[in-house]
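What follows draws every value from the coordinates through simple rules; no lab data is involved. Worth saying up front: this structure is predicted, and the values here are computed from it rather than measured. Here the Cβ positions follow ideal geometry from the backbone for every residue, glycine too, while neighbour counts run over all protein chains shown.
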Amino acid sequence: MEYSWKIEHIDEVNKTMTVSYMFNTSYQMEPILINMSLCPAGVNINEHIKNYAPKSQLEPGGKFNASVVIGLQGYDSVYVDSIIPMSSISLDDYKKLKLEELAAKRYEFETSGLNVDGTLVDTSRTSQAILTSAYISLKNNLISSVDWKDNAGNFITLGLPEIEALSAAVSNHVQAAFTKEKDLVVLVTAAVTKSEVDTIVW
């Protein structure tokens with residue numbers, strides 16, 4: 001059965017995420033939410049989510065029978081208890097899901113990397129911390145330069161002026177991500193219907 005999917009929530013502490021599956025059918029079928037592990041490094045996200053995609057049966061009249069949803073073979077962490085009919089979610093909870101979706105999108109954008117004057121810069125949380133450490137060390141004359149490895153695998157030697165420019169670019173990139181999320185959160189908070197919430201996208 002063909003479907004589209006959307007990441008609704010990322011739990012960085014427990015290394016899990018919640019994905020909603022929307023089935024492309026000629027009859028009415030509710031999207032379902034399934035909890036799964038975060039996509040491992042080096043694994044295609046589409047393939048990872050496909051492995052967790054539910055198989056289902058239909059009751060007479062095309063009604064979705066959640067009790068027979070099972071994960072594909074080899075994935076014991078897919079549980080029927082993880083399935084939540086979207087129509088039963090209150091407006092407040094629907095908004096919470098949207099806010100979690102926006103937070104996941106912001107995190108994805110924030111950590112997706114940045115091109116600074118031809119240098120591909122890793123903007124993951126770890127890289128941001130390393131960049132901050134390098135800036136502080138250079139600023140306080142603890143070191144005179146750093147050997148930096150960009151996302152393309154190239155090594156470049158940077159001094160304080162270059163690290164300052166890099167830090168500023170990354171900081172602006174990260175701040176832009178949070179500012180956009182903040183503006184969208186305002187729209188979600190003001191929404192009065194689920195349909196209005198659905199129009200708010202990253």
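Points worth noting:
- Protection proxy ranking, peptides 166-174, 151-159, 182-190, average beta carbon neighbours within 10 Å, highest first: 166-174, 182-190, 151-159
- With the convex hull drawn over the C-alpha atoms of the stretch 90-202, the volume per residue is 106 Å³.
- With R₀ set to 45 Å, the beta-carbon distance separating D198 from K149 gives a calculated FRET efficiency near 0.60.
- Listed peptides 38-51, 133-146 appear in the order 133-146, 38-51 once ranked by packing, highest mean of other Cβ atoms within 10 Å at the front.
- Exposure proxy ranking, count of Cβ atoms within 10 Å, fewest first, for W148, W202, W5: W202, W5, W148
- Using a Förster distance of 22 Å, the FRET efficiency for T132-V186 (Cβ separation, nearest 0.05): 0.15
- Amide H partners (placed H, <5 Å) of T123, local residues excluded: G113, L114
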